[in-house]
1. Tell me, F188, F78, F226, F124 in order of fewest to most beta-carbon neighbours within 10 Å?
2. Can you pull the one-decimal nm distance between simple spin-label points at N217 and F65, each 7 Å off the Cα toward Cβ?
3. Please list, in chain and number order, the residues 5+ apart from G185 or on another chain whose amide H is under 5 Å from its amide H, with Hs placed from the backbone.
4. Search the structure for amide H atoms under 5 Å from the amide H of T194, placed 1.01 Å from N in the peptide plane, and list their residues when 5 or more places away or on another chain.
5. Mind listing the long-range amide H neighbours of F226? Cut-off is under 5 Å, sequence gap 5 or more, other chains count too, H placed in the peptide plane at 1.01 Å from N.
6. Taking just the alpha-carbon atoms of the range 42-269, what radius of gyration and Dmax come out, in angstrom?
7. Would you work out if the range 169-230 is rounded, prolate or oblate? Take a ≥ b ≥ c from the square roots of the eigenvalues of the alpha-carbon gyration tensor; rounded if a/c is under 1.5, else prolate when a/b is larger than b/c, oblate otherwise.
Amino acid sequence: MKASILFGIACIGSCISGSTAYGFFGGSDEDSKTTRVENPQAAPFKLDYKLSFKKPYYYNNTVPFWQTSGDVIKAEDFIRLAPSVPGSKGRIWSTIANSHPEWEVNMQLRISGQHVGGGRGMAFWYAAEPNQDGPIFGSKDKWNGLGIWFDSYNPKTKSPMTMALVNDGTKQFASRVDPTQHMLGSCFQNYRNTYEPLYVKVTYRNKTLSVMMDRENRGSSYRHCFKKQDVELPTGYFFGLSAASQNPADDHDVITLETWELNPPAKLSV
């Protein structure tokens, strides 16, 4: 309920401020001379609705400010990036670059299937080039940026594994490069076939990247996956999710993705 209210306020606030200050087609000289006074009480976080999506997802059968590609199935209660069909893969990427130096992304994901072992998995991306097809969970190899992999059946561990990697565009993990030798951090949590969706919180603050997950309590009881300091993630990259099914195959769903700006500037009053 809180997120829904904030989401609506953000949308209304943006529309009102945009149409009042600049009009529908551009601003005037008088608009640019408006005097503003700083409000010292800035909120610690602010929802960026253009970098978020949740139910109801669609406007004219599209997700506003996001692009889907591949074998995506658009349902009312979820967006299925890759269905339980061997060889299927799909992606959803923001069409707007992130401008926030510090941010937090909250997601609800679900990976489910009828087989004992998982059928590949999903990935969260913060990358320079959005919506690129490829062999890494349905997205491109040799990406530039952050990748967090939800590997539902890691061939080494034989169990679900979550790991984060930063690539500079040169490492090609599909060519037998061991990702565990390059990862920022990892953890083992069995998020496949859980009763509740997997809640994931990815936070980037003070050049520190942290990942927390809750697979049982709907976001009320997060557990640390890992925390890594001295991580360089510039602004101007794009958020995205991708998934791929192999054999045996799983369904890979995203239910919600919300992006929050951390420590936003103090609100200005006219």
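Coordinate-derived values only; no laboratory data. None of the values given here were measured: they were computed from a predicted structure. So basically every Cβ, Gly included, is an ideal-geometry build from the backbone, and we count neighbours across all protein chains shown.
1. Arranged by neighbour count, lowest to highest, F188, F78, F226, F124 become F188, F226, F78, F124.
2. 3.1 nm
3. A164
4. I111
5. Here V211 satisfy the definition.
6. 16.5, 57
7. It is oblate, given that a/c is not under 1.5 and a/b is not larger than b/c.
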